[in-house]
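As structure tokens, the structure follows; a few thoughts come after it.
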Amino acid sequence: MIMKLVFPCRQGNVRNYTVGPNKMQYFWTFGFLIFSFICDELFAQDENRVVFSFGTFQNVSVPENGSVQAVVTRIPANVSFITLQFHSQHHNATLSYTRVPLPGFSLTAADTGLLSTLTPAQSWLSWFLLSPNGDTVAGTGVILPYRSRDPVPGACNTEFDLDIDPNVYLRYNLFETIITFAPANIGYDRGASPPQCDTTTGPGTRWRLEYDIYQYFLPESDLSEQSLIVSLERVANVMSLREHGKKVMTLNSNERTTMSFSSIVGQGVIYSVIVRDPLLNTSASYIPAHTYACSFLSKLDNCATLGKASTKVFFTIAGVAGLFVCFFGHRFFKCELFCMGFAFSAFFFFILITRTTTLDYDIRLALTALIGTVGGVFLVMWWWRFGSVMACVTVVGLILGFLFASGLFFTPLGDLDVFRSDVVFWVTFGCFVVIVPILFVRWPREGNIITCGVAGGYAVVLAVNAYIYTSLAYMTLDVLKRFLNSNFNRAFISVPFQDIDFIMITVWVVVGVSGIVLQLYRERNRPFFPPSPYLMWRQERERRKTNVLDPSHHTPSYPARLLARLRQLTRRPEPAGERTPLLL
């Protein structure tokens, strides 16, 4: 009698032993001891072992200077490869194939994932989670299975450390957020050799694969960990990502596997990729990555304290001034010109000083406010000296044109491929900006009042944004970023529109329309624009010089009358008995 014993405790490797009948009893005892020893050694830290189920998120806490073993069992025979993904909000975690992390066999990040291919008889699998910085790391993980017909994410990796890398790598700065991922390969059966990645193009190679780029916005102003976990559960696999995520772009295998987006500081965004095999109609998901475009660990101006005090002060004053201009700008023309000149000169000076210097943000903001004040005073003095209303209203019209063009490119129109070219974008943008001042030639007063309402209302929106995040601020901020960053033309500028944004749009419309209607009604019977004080003084002077018959010509000037009155008040009283002349 011959019996074959199988010990399945070793991962991906099944050992067979053949024994005779005369040694059966001893071998059973010996085999049981060996089996127990191997399993005890493998699960030495059984208290730090977490068993996963396919597609079910599991909360995991990695202890300080410790490790957690993630295990999945009872793997179906039709599953060819499995991905494990682990996410924490801002602490890095190490995900490793081995208990001791090794280069090329582990990855450290806040969003980590590993892909394991299966051997023909393999029915269980394990990975290890570790804390790289000696701190306790809490997060959530999920394991997803894929079949042999599904494409393998990151299987044609030539750039990153892992042999098969299904991760979406993310980096950001003030202007843009860039995601990068490794190309995928077509699927293959258990135990089969993977298809070559560098073969020529054709229907039987990886070059037929397509990549759908998705983004998912977290609730605005919500930096909680619970919100992130709930959002990750919505975009972890292919079906839920298609249902909840926003598809931005589709790349083919001949294009670079990288994409650029506009950074939205303080706004949580999850980026992920679905690789599709159009021939077999199958797909697989990469490991999602999230960002807030800010740091939770920074001691100064981190995600929890994004609004600098200087920024809040600056935009609060701007909001108050905007509210005044919205309702009273045309009536108090000099105040309006000062505010418009301030905004016009401050905007371009901030661009200049940011592109040419490396000064601290607060210093740049202070200098911008100073130059803005100089610009506002200059515009007022220009009108006071020359009285050229059209020249001043042209500046006002350019501001309204800028807001109009910014709002137009804030729509999906701004993401069209044709506007990736800086030449096309700036020429088109400039045309829209210039159109508005041209209309002011025909209706200068109405155009000026409309600008007061629109620009003043938007200043209120920016003031609110200094305290509560709203996407409307990016209407002009995206244009500013394109001024400051030469590579921003590659970035997608999509932003979330949630409840606070619709509320702020309503506030902007109500405030702006109310200010426009009030000013049009109040100014209907008044002159179009107030006269220049300097020109009025000169006209009065010339009139009095030339018109001798005018009674006012013989009246002493105001300074002469004032001097005579002062002399009268300082004259000593006359002695008693003397009569004071009736006429001086």
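Listed here are the residues, each with its yes/no results for (1) in contact with a Ser or Thr (Cβ under 6 Å, 6 or more places away or on another chain); (2) of a type in the set (D, E, K, R); (3) at pLDDT below 75.
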{"site": "PHE492", "(1), (2), (3)": "no, no, yes"}
{"site": "MET504", "(1), (2), (3)": "yes, no, no"}
{"site": "VAL510", "(1), (2), (3)": "no, no, no"}
{"site": "LEU520", "(1), (2), (3)": "no, no, no"}
{"site": "ARG526", "(1), (2), (3)": "no, yes, no"}
{"site": "ASP550", "(1), (2), (3)": "no, yes, yes"}
{"site": "HIS553", "(1), (2), (3)": "no, no, yes"}
{"site": "ARG571", "(1), (2), (3)": "no, yes, yes"}
{"site": "PRO575", "(1), (2), (3)": "no, no, yes"}
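Scanning the range 167-187 for residues that are in a strand (DSSP E or B), under 29 Å from GLY266 (Cβ atoms) and of a type in the set (S, T, N, Q) yields ASN167, THR177, THR180.
What do you reckon, is SER310 closer than 30 Å to ALA184 by Cβ and of a type in the set (Gly, Ala, Ser)? Judged against the criteria, SER310 is not a match. Before we move on, is PHE440 farther than 21 Å from GLY319 by Cα and surrounded by 22 or more Cβ atoms within 10 Å (Cβ to Cβ)? For PHE440, the condition - farther than 21 Å from GLY319 by Cα and surrounded by 22 or more Cβ atoms within 10 Å (Cβ to Cβ) - is met.
Test PHE296 against the criterion of being in contact (Cβ under 8 Å) with a residue 60 or more places away in the chain, not aliphatic (A, V, I, L, M) and not assigned by TED's automatic domain parsing to the domain that holds ILE179, and give yes or no. Before the answer, list the steps.
On the way: in contact (Cβ under 8 Å) with a residue 60 or more places away in the chain: yes; not aliphatic (A, V, I, L, M): yes; not assigned by TED's automatic domain parsing to the domain that holds ILE179: yes.
When the stated conditions are applied, PHE296 passes them.
Under the condition of being part of a loop (DSSP other than H, G, I, E, B) and at pLDDT 90 or above, which residue from the range 103-119 is nearest to VAL230 (Cα to Cα)? Explain how you work it out, then say what you get.
From the range 103-119, those part of a loop (DSSP other than H, G, I, E, B) are 103-105, 110, 118-119; that's our starting set.
If we keep only those that are at pLDDT 90 or above too, we end up with 105, 110, 118-119.
Numbers: PHE105: 29, ALA110: 16, LEU118: 30, THR119: 34 Å.
Result: ALA110.
Taking the range 207-241 as the range and being crowded, with 20+ Cβ neighbours inside 10 Å and of a type in the set (Val, Ile, Thr) as the test, the residues that pass are ILE213, VAL235, VAL238. GLY134 meets the conditions (1) in contact (Cβ under 8 Å) with a residue 40 or more places away in the chain; (2) out of contact with any Asp or Glu (no Cβ under 8 Å at 6 or more places or on another chain) in every case but one. The failed one is (2). Taken as a whole, the condition of being at pLDDT 85 or above and of a type outside the set (Ser, Thr, Tyr) does not apply to PRO412.
Just to be sure before I move on: is PRO103 of a type outside the set (A, V, I, L, M, F, W, C), more than 22 Å from SER53 (Cβ to Cβ), more than 29 Å from the chain's Cα centre (by Cα) and crowded, with 16+ Cβ neighbours inside 10 Å in the structure I sent? Answer is no for this residue. Hey, among the residues in the range 36-61 that are touching a helix residue (DSSP H, G or I) at 6+ places or on another chain (Cβ under 9 Å) and at pLDDT 90 or above, which one's surrounded by the fewest Cβ atoms within 10 Å (Cβ to Cβ)? Of everything passing the filter in the range 36-61, ASN59 is surrounded by the fewest Cβ atoms within 10 Å (Cβ to Cβ).
Condition check ((1) among the hydroxyl-bearing types (Ser, Thr, Tyr); (2) assigned to a helix (DSSP H, G or I); (3) out of contact with any strand residue (DSSP E or B) (no Cβ under 6 Å at 6 or more places or on another chain)) across all residues:
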residue	(1), (2), (3)
SER494	yes, no, yes
PHE502	no, yes, yes
THR506	yes, yes, yes
SER514	yes, yes, yes
GLN519	no, yes, yes
ARG524	no, no, yes
PRO527	no, no, yes
PRO531	no, no, yes
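Of all residues in the range 381-394, those being under 19 Å from ALA455 (Cα atoms) and either loosely packed, with under 15 Cβ neighbours inside 10 Å or at pLDDT 90 or above (or both) number 2. Has the range 274-290 got at least one residue that is of a type in the set (Lys, Arg) and either on the phi > 0 side of the Ramachandran plot or assigned by TED's automatic domain parsing to the domain that holds GLY113 (or both)? The answer is yes; a qualifying residue exists.
Hey, does the range 496-504 have a residue that's hydrophobic (A, V, I, L, M, F, W, C) and loosely packed, with under 14 Cβ neighbours inside 10 Å?
Going residue by residue through the range 496-504, those that are hydrophobic (A, V, I, L, M, F, W, C) are 497, 500, 502-504.
From what is left, the residues that are loosely packed, with under 14 Cβ neighbours inside 10 Å are 502-503.
Taking every residue of the range 496-504 in turn, at least one turns out to be hydrophobic (A, V, I, L, M, F, W, C) and loosely packed, with under 14 Cβ neighbours inside 10 Å.
Within the range 169-206, the residues that satisfy the criterion of being at pLDDT below 90, over 30 Å from SER263 (Cβ atoms), surrounded by 14 or more Cβ atoms within 10 Å (Cβ to Cβ) and not β-branched (Val, Ile, Thr) are PRO194, PRO195, CYS197, ARG206. Scanning the range 46-68 for residues that are within 36 Å of the chain's Cα centre (by Cα) and assigned to a strand (DSSP E or B) yields VAL50, PHE52, PHE54, GLN58, ASN59, VAL60, SER61, VAL62, SER67, VAL68.
So which of ILE143, ILE164 ends up being assigned to a loop (DSSP other than H, G, I, E, B), β-branched (Val, Ile, Thr) and surrounded by 14 or more Cβ atoms within 10 Å (Cβ to Cβ)? Show your work before the answer.
Details: ILE143 fails: assigned to a loop (DSSP other than H, G, I, E, B).
ILE164 is the lone residue from the list that is assigned to a loop (DSSP other than H, G, I, E, B), β-branched (Val, Ile, Thr) and surrounded by 14 or more Cβ atoms within 10 Å (Cβ to Cβ).
The values are calculated or read from the model by the stated rules, or taken from the named source; none is laboratory data. Computed from a predicted structure; not experimentally measured. Neighbour counts run over all protein chains shown; Cβ positions are idealised from the backbone, glycine included.
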